[in-house]
1. Note the full-extension length gain between B:Ala255 and B:Leu434 as 0.36 nm times their separation in residues minus their Cα-Cα distance, in nm to one decimal.
2. With +1 assigned to the C-beta of every Lys and Arg and -1 to the C-beta of every Asp and Glu, and no other charges, what is the dipole magnitude of segment B:149-236 about the Cα centre in debye, to the nearest 20?
3. What is the packing order of peptides B:735-747, B:324-336, B:471-483, taking the mean over residues of other C-beta atoms within 10 Å and listing the highest first?
4. Using the Kirkwood formula over every pair of different C-alpha atoms, what hydrodynamic radius in Å results for segment B:748-794?
5. What does the extension gain come out to for B:Gln372 and B:Ser353, with contour length at 0.36 nm per residue minus their alpha carbon separation?
6. What average count of beta carbons from other chains do you get within 10 Å of the Cβ of residues in A:5-18?
7. Per residue of A:27-34, what is the mean number of Cβ atoms on other protein chains within 10 angstrom of that residue's Cβ?
8. Arrange the peptides B:40-52, B:137-149 so that the one whose residues have, on average, the most other Cβ atoms within 10 Å appears first.
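Read-outs: derived from the displayed coordinates by stated rules, not from any lab. No experiment lies behind these values; they were computed from the predicted model shown. Every residue, glycine as well, gets a Cβ built from its backbone with ideal geometry; the counts of neighbours run over all protein chains shown.
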Amino acid sequence: MNIMLVLIPLSLLLVIAAAYAFFWAVDNGQFENLDTPALDMLIDDDVSTSGSRSGTPTDGAGPG
Amino acid sequence: MRLSAASACYHCGEAIPSGSDWHVVVAGQTQAVCCPGCQAAAAWIHGQGLGDFYRLRCEQTTARPEAADFSALDRPTVRRYYGQLAADGSLSITLAVQGLRCAACGWLIERVLGGLAGVQRVEVQGLTQRVRLRFDPARQPLSAIATQLAALGYRLSLIDAADDAAQMTAERRDALKRLMVAALGMMQSMTFALSLYGGAFEGMEDSVRDFFRWISLLVTAPVVFYSSRVFFVGCWREWRARQLGMDTPIATAIALAFVASVVETLRGGPEVYFDSVTMFVFLLLLGRYAEQVVRHRARAALGNLTQGLPALATRRRGELEESVATIELEPGDEIRVRAGEVVPVDGTLLAGSSEVDESILSGESLPVSKRQGEILLAGSILRERPARLRVLRTGSDTVLSAIARAAEGAQSDKPDTLRIAERIARHFVQSLLLITPIVAGIWWWLQPDRALEVALSMLVVACPCALSLALPAALAAAGQSLSRRGILLLRSQALEELTRVRQVVFDKTGTLTQGQIRIARVHLLAPWTEAQALRIARALEREATHPIARAFGSAADDPLAMDLRQVAGQGVEASVEGCRYRLGRADFAVEQAPATWVAQAADIWLSADGRPVAGFELSDALRAEAPAVLASLRQAGLLPRILSGDAEARVAALAARLRIESWRAGQRPQDKQEQLDCWQREAGPALMVGDGVNDAPVLGRAAVAVAMGCGADLAKAHADLVLPSGQLQALPEALSTAARCAQIIRQNLAWAIGYNLIAVPAAAFGYVPAWLGALGMSLSSVLVVLNSLRLLKPAAARTRDHASPLPLGDEASPSTP
């Protein structure tokens, strides 16, 4: 039973860490746009370079 | 559908004007665009490797790009007024971007602006259609950013610091944090509660039990003191205003259950309720958060009213003209407004006369003529000549601002049922607080050792949690469910009124039709088949781009037309397969139309070698979903009606096609209002569906007003519901959601009241052990929330549940006669 005296405070510390992380995320606007990140993973990321996307109509990255 | 896709601009989605020939070659395919601006925008987007935007966006959101001069945005006054300057020299600014509705737009804007030099941070807020930017004005002037967005076809305006955008963001973030703390506290305290329940049955040492209780107290404290602060603050406000509302019973319940648990922990009593407290707070906050999201979205939509004003104006000093920010204008300044521009402030016309479009203000779609000395209002659009104005009122003093404020105020009305539920909960808490001491006193007299326990279990059992969750949970779920299907609920009161509506009044243009011409009927005169006539007509119209030509479309096996000759405003003539055909107005196609023809309602005719062959009757295409929507409305016992400003013949034809018996045509806005009042008097409350600006006043008169998405902003301000997607199908869905919401509210209330009626007396007589009371309280809340969540079920599953697609009539509102 004594292990409880260690584990429970430990879990509370974890909760506090989670709450802190969440507060940080909220204050940084991580929850302002929940739709766009869902698209990001569907798209190959070659944005900053100037070149065009070498022709193919759609690169098979579509949602369907 | 294929036709409209081919004739709409690839970038902005607007119809491509006839005779225009702009194309853009992207990804190996040629796409038609309407103007060089769209061509440049599409080419640029693809050139940047952002072409996925076109595939991923769910609706046409970009407008036609417009060239504009944004240089005045770099003035220091603009910077000071709209932005916040950080210590490192970076500037934070909020832009309202029209058309920022779907995820793909957010993605595009993030990529485009994020890729600019000097831009440090781009934060797209999909909810409020706003973009928060932090950038280094020395490296990237604001005007360049604005130009970039405008070149893509986004219309933008600046949000000043005093706007409630910042406040809304802060509110939302605050609510999210409270919700999260409550969720974490709930999870933790439930873990410990489970151990405690286990210990209660299996046996647990008192020291271990007390340790668990103290830990539970520790995790519950932030939930009560941080997350629930909103309820305590609300309660305090209600007490100070001497007006008890919903926060009082909620705050009382939280405080009582928490204090009781602390007392029990201290004295080592039989039961603690920390898990019930945290769960109750979490569920309440969840409901409030959902409601807040819906409300903020609606408020942001309305915010666009005043955002429509230009941020820049041209000020005249003597003969000198300079571009300044609108906020720099002061009463008495002289400004010049170019034709086609929006008037930025209220001002008197200094010279000459001017035609202005005041539709955003008055709903009058026809231009109004103003003379020297008359006042031009901010938000109206100058039609013809440029005008010189003496500034009269600026900023929040303008008439437009006042209208926007009034529209915003109208949103905060609470539905009647919510008020009733609040009253019930209030009386309930009041009488409970009165009865409990009496019961405790009696027990003290009979059996002093059980008095405290009974009093506590009574308070806990009767905690009005279920009662206070019954309505907000259902309303929040209904609002969410509607917005998931593209319906924006601006006033939650409308949900209730929707269940009372007896008739649906449509404004014809745009609400029932698509605004695209198609062939309604073919009259055959020669021994021809319809297919033959259409085949020839298609061949003749193939090269043409005007709307009528599009009605014929094209097919793979069409013959080739030779010697094509187009006569503007008349028709087209060509040889097909050895025969000379003419297609066009009657007097063009056949030199002398027989008298019998005139009677026929065909709009254009086809002739072969001068002999009449066929007549085509054209009509504006019905929205594909219109007949089905009308059918389900009728099934729900609603009377469809048309109240239109269009010509009688057109309205009559439309009404006949949709079997609508009751209609009025050629109505002016004033007539519409009177007619609607009259109809509402004789047939009960009406649901009015409008889209035109001229519908704004009449929308205000209807019991429930629905504005289609394409409509003017003020029409939306008067509306209770907005269908941004413009899909009529949403209408029966809104009605059935409202009906289901009313039904679920009744179930929730019945359950909450029934539960309390049984549980409170049982507790008073000492039959409810404390743990059962805690369990009952938690379960009753959960049940109410789960019941409300049924509203979120997708529409398809719901229609299958019911025999009729629209479960309105019998099982719906109590108020239907």
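1. Details: separation 179, 0.36 × 179 = 64.44 nm, distance 1.66 nm.
This chain segment gains 62.8 nm when fully extended.
2. Working: 8 positive and 9 negative charges, 42 e Å.
For this selection, approximately 200 debye.
3. Working: B:735-747: 22.5, B:324-336: 17.2, B:471-483: 24.8.
The packing order, highest mean first, is B:471-483, B:735-747, B:324-336.
4. Working: mean 1/r = 0.0861 Å⁻¹.
Here the Kirkwood hydrodynamic radius works out to 11.6 Å.
5. On the way: separation 19, 0.36 × 19 = 6.84 nm, distance 0.58 nm.
Between B:Gln372 and B:Ser353, full extension yields an extra 6.3 nm.
6. On the way: counts 1, 0, 0, 8, 2, 0, 4, 4, 0, 1, 7, 2, 0, 2.
The mean count of partner-chain Cβ atoms within 10 Å per residue comes to 2.
7. Details: counts 2, 3, 7, 1, 5, 12, 13, 4.
Whole-number average of other-chain Cβ neighbours for A:27-34 is 6.
8. Details: B:40-52: 20.2, B:137-149: 18.5.
Packing proxy ranking, top to bottom: B:40-52, B:137-149.
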